[in-house]
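Everything below concerns the one structure shown next.
FYI, it's all coordinate maths here, none of it is from the lab. Model, not experiment: these values are computed from the prediction. Neighbour counts are summed over all protein chains in view; Cβ atoms, including those assigned to glycine, are modelled from backbone coordinates with ideal geometry.
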Amino acid sequence: MTALATRRVPMKWLVAFVTVAMLVLVPTVIAYWRRPVDQLARPALFHPPAWSRPTASDATLQALQQQIKAKPGDIVAYITLANAYLQRVRETGDPAFYAKTDALLKQAAKIDPLQPELLTTEGILALARHDFAGGLAVGKKAQAMDGENPRAYGVVVDGEIEMGQYDAAIKTLQAMIDHRPDFSSYSRVAYARELYGDPEGAIEAMQYAIEAGGPVPENNAWGYVQLGNLQFGLGHVDEAGKQYDLAIHALDQYPAALAGQARVATAKGQLEQATTLYGQAFDRMPLPEYAIAHGDVLAKLARQTEAHQQYDLVTVVDKLLTANGVNIDLETALFYADHDLQLPESLARARAAYTARPSVTAADGLSWTLYKTGNLQEAGRYAHEALKLGTRDSLKLFHAGMIAKALGQTDEARTDLQMALDLNPNFSLLYQDLARTTLQGLGPAPTSTPRSK
């Protein structure tokens, strides 16, 4: 909708876009393949201060550990090592580094509990563990201590978005851009535009992020993966594949890119190749989303025993993450709901997730678990809430369409399902065929009927 006026001084471009987006009444979609899981075990992207740029190599970690032993009062060394540990999580998915980070930050707090970079890193850790309220609180504290720290702004933006405080998040993000238009700020602009129904604008912003460059190769690879995800969400399968290939070029065997390539292979009907790629992604970074997607492809191939072995891994990883302080209630709730497993627990965890993080994403997850457990009226309310920003998300619209059909709201169901398929015919291996058959069963629309608000 709104393009950058200039590369150097973006100023109010984001706010201008959001103002326009808020006036759009017809809901639209973007495919997020379980976006919370996609962010799982990944601290938000920040440019660390120059003295704490993490490379996360074994040699770097060992050198910093030795520095702390030699100078136990050196708070900079503690913070630098903590950031390196967080980067290691991004690169390996090993949640044990969260506990190590937490211990380091507690030691650093004994030296100076109000050091702004310490507070900021505490906020990043909280967000990575999905403690969004805690991350937001400490981020605001860091921001109050140092109003010129863009990392603190990033923590606050992420916390506000996950807590459903969208107006506040836009204001904070605009201030972050005004302070420093870089990889961190542009990538957040991309997500904001995505949420507000402008995936094309999100692609533009993410391209600016990649051009600006992140401090480590993994950041740039992540950026290409996000571009691939955005293109895939628009149904541009080949272009998505190109972006995932660029991510692999930026960081060889990058797990998120392997998973993206698997998604492309699935969309093209190359299911055997998809199973190989998902397996490689999980071997390199054991995240639940990879096991779930791998299992779904195996199930499609009628390899049910192998599929259930993959699904069993989700429970194992859930326990491991929980033991390391990571809350994945929403992600697990959606997995259970999608596969008709432990539905009472699915609903309980979705409710807990929404209470902890009342975002449109959590509203969508709660609506689907309510639908799966037969709570249709309540499901309808949360489905409407999930679409309140105008997010163009095929999966959200599929959920809303199925719920509307169950409520007898035929016109809304038809509109939502048609929009989901028009945007991305390959939005979900589990649900794209169901969306088509359900839409066909609803018959042709007598007139064009926009979703009511």
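Tabulated data for the structure shown
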| read-out | value |
| --- | --- |
| Phi-based couplings in Hz for the range 137-154 (Karplus 6.51, -1.76, 1.60; Gly and Pro marked x) | 4, 6, x, 5, 5, 5, 5, 5, 6, 8, x, 9, 8, x, 4, 5, 4, x |
| ³J(HN,Hα), Karplus 6.51/-1.76/1.60, whole Hz, each residue of the range 288-293, x for Gly, Pro | x, 4, 6, 5, 4, 4 |
| Average Cα contact separation per residue, the chain, under 8 Å, 6 or more apart, as relative contact order % | 17 |
| MRE, 222 nm, helices only [DSSP H, n ≥ 4, -39500 (n - 2.57), over the chain, to nearest 500] | -22500 deg cm²/dmol |
| Under Karplus coefficients 6.51, -1.76 and 1.60, residue-wise ³J(HN,Hα) of the range 258-267 in Hz, glycine/proline x | 4, 5, x, 4, 5, 4, 5, 4, 4, 4 |
| Efficiency of FRET from Cβ geometry, LYS268 and HIS179, R₀ 56 Å, rounded to 0.05 | 0.85 |
| Packing-based order for 303-312, 196-205, using average beta carbon neighbours within 10 Å, highest first | 196-205, 303-312 |
| C-alpha long axis of helix 217-233 to longest principal axis of the chain, angle in ° | 10 |
| 29 Å Cα-Cα threshold exceeded, pairs from LYS69/LYS319; LYS106/LYS319; LYS100/LYS319; LYS140/LYS242; LYS300/LYS396 | LYS69/LYS319; LYS140/LYS242 |
| The chain, dipole about Cα centre (Lys/Arg Cβ +1, Asp/Glu Cβ -1), debye to the nearest 20 | 560 |
| Sequence-distant residues sharing a close amide H with ASP393 (under 5 Å, placed H) | VAL29, ILE30 |
| For the range 253-327, Kirkwood radius (reciprocal of mean inverse C-alpha pair distance, Å) | 12.3 |
| Selected from LEU434, HIS179, TYR278, residue furthest toward positive end of dipole (the chain; charges at beta carbon) | HIS179 |
| Cα gyration tensor shape for the range 100-140, rounded if a/c is under 1.5, else prolate or oblate | oblate |
| Sequence of TYR78, TYR431 once ranked by neighbouring C-beta atoms within 10 Å, starting from the fewest | TYR431, TYR78 |
| Listed peptides 335-344, 67-76 by packing density, highest first (mean Cβ within 10 Å) | 335-344, 67-76 |
| Protection proxy ranking, peptides 116-128, 259-271, 281-293, average beta carbon neighbours within 10 Å, highest first | 116-128, 281-293, 259-271 |
